[in-house]
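Here the structure comes first, spelled out in structure tokens, and everything after it is commentary.
The values are calculated or read from the model by the stated rules, or taken from the named source; none is laboratory data. Note that the coordinates shown come from a computational prediction; the quantities given were computed from them, not determined experimentally. Using ideal geometry, Cβ is built from the backbone for each residue, glycine included, and neighbour counts are taken over all protein chains shown.
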Amino acid sequence: MDYASIKELIGIINSSDLTNFEMEFDGVSLKMSKNNNESAPKTTTTKEIKAVEASKLEYISESKTEKVVEEVEVKGGTYVNSPIVGTFYASAGSEKPAFVKVGDKVKKGDVLCIIEAMKIMNEIQSEVDGEIVEVLVSNEQMVEYGQKMFRIK
């Protein structure tokens, strides 16, 4: 990961609603946190930092981002969750129609949307057959890891 990529990632995180972000890539660990509270930030001493147990830290692994889509079975349908943090695109271009809309029938493997992360376009595919009953995000919206995007029944 080069300096320009890190700088771009920081810009994306700053413009999003995320308050905390952690990533480890090629041996480089990146942690960012935003404090939306108007009060002065708490200062942390080295002693306090050393007191944090390593077992309490959680890192995002590549295996989590490799999964095309995480879906959770629920009463009344299956939610399609974002497998990565990025920008949601409903279509392949501004002049192109949306991949899916409410009422559309989808089959396993159909492209539902694209999520852009660090200039890489990731096609999100359906893992079930069914009908789109809800689209929970809007075009060009930032999505977080695990955020619900669609409900398929």
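Of the residues making up the stretch 91-130, just one is polar (S, T, N, Q) and more than 18 Å from the chain's Cα centre (by Cα), namely Ser94.
Yes/no matrix, rows are residues, columns are (1) in the same structural domain as Ser15 (by TED's automatic domain parsing); (2) modelled with pLDDT under 90; (3) surrounded by 14 or more Cβ atoms within 10 Å (Cβ to Cβ); (4) over 20 Å from Gly146 (Cβ atoms):
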{"site": "Thr87", "(1), (2), (3), (4)": "no, no, yes, no"}
{"site": "Ala90", "(1), (2), (3), (4)": "no, no, yes, no"}
{"site": "Ser94", "(1), (2), (3), (4)": "no, yes, no, yes"}
{"site": "Ala98", "(1), (2), (3), (4)": "no, no, yes, yes"}
{"site": "Lys107", "(1), (2), (3), (4)": "no, no, no, yes"}
{"site": "Cys113", "(1), (2), (3), (4)": "no, no, yes, no"}
{"site": "Lys119", "(1), (2), (3), (4)": "no, yes, no, yes"}
{"site": "Ile124", "(1), (2), (3), (4)": "no, no, yes, no"}
{"site": "Glu131", "(1), (2), (3), (4)": "no, no, yes, yes"}
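Among the residues of the stretch 75-85, the ones that are of a type outside the set (A, V, I, L, M, F, W, C), buried (at least 20 other Cβ atoms within 10 Å of the Cβ) and either without any contact (Cβ under 8 Å) to a residue 24 or more places away in the chain or touching a helix residue (DSSP H, G or I) at 6+ places or on another chain (Cβ under 8 Å) (or both) come to 1 in all.
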